[in-house]
Structures are given as structure tokens and as C-alpha cells.
Amino acid sequence: MGQEARAGQIRRMFDEIAPHYDARNRLFSADRDRAWRRRAARRAGLRPGQTALDLCTGTGKLAHELLPYVGPGGRVIGVDFSASMLVLARPREPQVEFRQGDVSRLSEPDASVDAITIGFGLRNLVDREGSLREMHRVLRPGGRLVILELAPPRSALLRGYRFYLDRVMPMVAGLFSRADGKAYRYLAESVEGFPTAAALAAMLERIGFKPVIVERMTFGIVALHVATRPG
């Protein structure tokens, strides 16, 4: 399957699950997803009057956490490829400027935004490295890219998490709807196939980010990469 066809398939899946997306995330993270997003927003290093870009914004939950840091006078722009997600996001977060778009082809000029966040979206991008290069391009020197993502369960200590991810979440989600069950099977596969935290850090450094700091949360099941475009 080509990249465009794969991206279209993933977009349709998110359009289908949009109405229940936030509720499922709260359920399966035991409501920890809120704390993860708040920490990601803090690590963006934003100041009043600055501009933040939240990619794969979904229903705008992480974009919402950025607003207090840029006010007064700043902007938060949320970008997502799912029209259904944005239909939900716009009335919930009227202070955020939402638009439908392709993260691998951002419309922002070079060096035009102060910080970029992407929460639980990088593994859904079919051109991951190309998208990261776009993020590097639009960041101002000294600006930060903050990536919040589920980490592949590599350690033997995380066998229970792997079982929860692979079996329990798709089964429970499937009780609500066939689309939800399919989406959470995809989630498990995408997490398993995602680079390790060290491999992603190396990719970011290769693209030109420096330094790249990795922070692990909740027993290592979530990783936060804070990558700076050198000044």
C-alpha cells in the first residue's frame, strides 16, 4: 500500500472513532493522559505573546494546555488531518485556531513558530522523518519540539503492559463498537512498531535538533522527547 493510500486509511479510522476518542483515552490511561499532556505543555517552554503549533491535535486537548503559556497576545494553532476530530475541537476550544492539514507539508513559513507539540500522533504519520524535518523547518532557532508518545514495551517488566495493549484494550474497545476495536488493534500494532526512545532521539539529532532530552513517565509506558532547534 502506498503512502497516500495508507494515510487515507488512517484518516478514515480517526474520523470514525472521533465521537468516543477522548472517553476511550481517559478509560484506557486511567485518566493519566491529562497529566501527560500538562507536562508536555510545560516542557514546550512558551512565553506570553508567542506562537505554538499543536500537530495531530485531534480534539484539541493538548492545544488547550498550551493556551495559558502564550497569553496574552499569543497564538495556538492546531492541525489535524481528520475533519471529524476538528468538528469536535472547534466549539470546545474557541481560542485555538484549528485547520485541517498534512503534517508532512506544513503551510507555515520557515522559522515562524516558537514551539511545536505533537501528542500521540507521530506514530500515525506515514512519512515520519519527512514530517520531523518539516517541524524543524518551521521552528524558530531556540524553539522546542515536544513529542508525547506511547513507548514500545521492550522490558520484561512491561509484559503485563504488552498484554493490556495487545489484548485487553482492543477487546474492551470492541464491546463499544467494531470501529473502536479495530482502532485499538491498530494502536497496539503502531506502538509495537514505533522506534525506541533512543532511536527516535537519534533520528531527531540526525535531522538537526540539539539537544534532545528524553523523559519517561508512568513506569516507562510513555516517553516525552524535548528537542531544540539550535539557535
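Summary of computed values
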| item | result |
| --- | --- |
| Hits in region 57-75 - residues which are open to solvent by less than 30 Å² (accessible area, probe 1.4 Å) and within 15 Å of the chain's Cα centre (by Cα) | 57, 58, 59, 60, 62, 63, 66 |
| Yes/no for residue 39 being within 22 Å of residue 142 (Cα to Cα) and either under 13 Å from the mean Cα position of the chain (by Cα) or open to solvent by 40 Å² or more (accessible area, probe 1.4 Å) (or both) | yes |
| Hits in region 126-142 (condition: open to solvent by 30 Å² or more (accessible area, probe 1.4 Å) and either farther than 27 Å from residue 68 by Cα or β-branched (Val, Ile, Thr) (or both)) | 126, 127, 128, 129, 133 |
| Selection status of residue 138, out of contact with any Ser or Thr (no Cβ under 8 Å at 6 or more places or on another chain) and modelled with pLDDT of 70 or more | no |
| Which listed residue is among the small types (Gly, Ala, Ser), open to solvent by less than 20 Å² (accessible area, probe 1.4 Å) and over 17 Å from residue 100 (Cα atoms), from 44, 5 | 44 |
| In region 114-125, the residues that are under 27 Å from residue 15 (Cβ atoms) and either open to solvent by less than 10 Å² (accessible area, probe 1.4 Å) or assigned to a loop (DSSP other than H, G, I, E, B) (or both) | 116, 117, 118, 120, 121, 122, 125 |
| Residue in region 73-88 that is modelled with pLDDT under 95, hydroxyl-bearing (Ser, Thr, Tyr) and under 25 Å from residue 183 (Cβ atoms) present | no |
| Test: residue in region 200-212 that is open to solvent by 30 Å² or more (accessible area, probe 1.4 Å), within 20 Å of residue 39 (Cβ to Cβ) and modelled with pLDDT under 95 | no |
| Which listed residue, of 18, 23, is more than 23 Å from residue 75 (Cα to Cα), free of Cβ contacts under 8 Å to residues at least 40 places away in the same chain and more than 14 Å from the chain's Cα centre (by Cα) | 23 |
| From 96, 87, 79, residue being closer than 22 Å to residue 135 by Cα, of a type outside the set (Asp, Glu) and touching a residue at least 40 places away in the same chain (Cβ under 8 Å) | 96 |
| Qualifying residue in region 23-41 (condition: over 26 Å from residue 185 (Cα atoms), touching a strand residue (DSSP E or B) at 6+ places or on another chain (Cβ under 8 Å) and in a loop (DSSP other than H, G, I, E, B)) | no |
| Filter result (part of a loop (DSSP other than H, G, I, E, B) and of a type in the set (Val, Ile, Thr)) within region 70-113 | 96, 103 |
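The values are calculated or read from the model by the stated rules, or taken from the named source; none is laboratory data. Everything numeric here is computed off the predicted structure, so don't read it as measured data. Counting neighbours? That spans all protein chains shown, and the Cβs are built from the backbone with ideal geometry, glycine included. Side chains included, ligands, DNA and RNA excluded: accessible areas come from the protein's heavy atoms. Shrake-Rupley method; radii C 1.70, N 1.55, O 1.52, S 1.80 Å.
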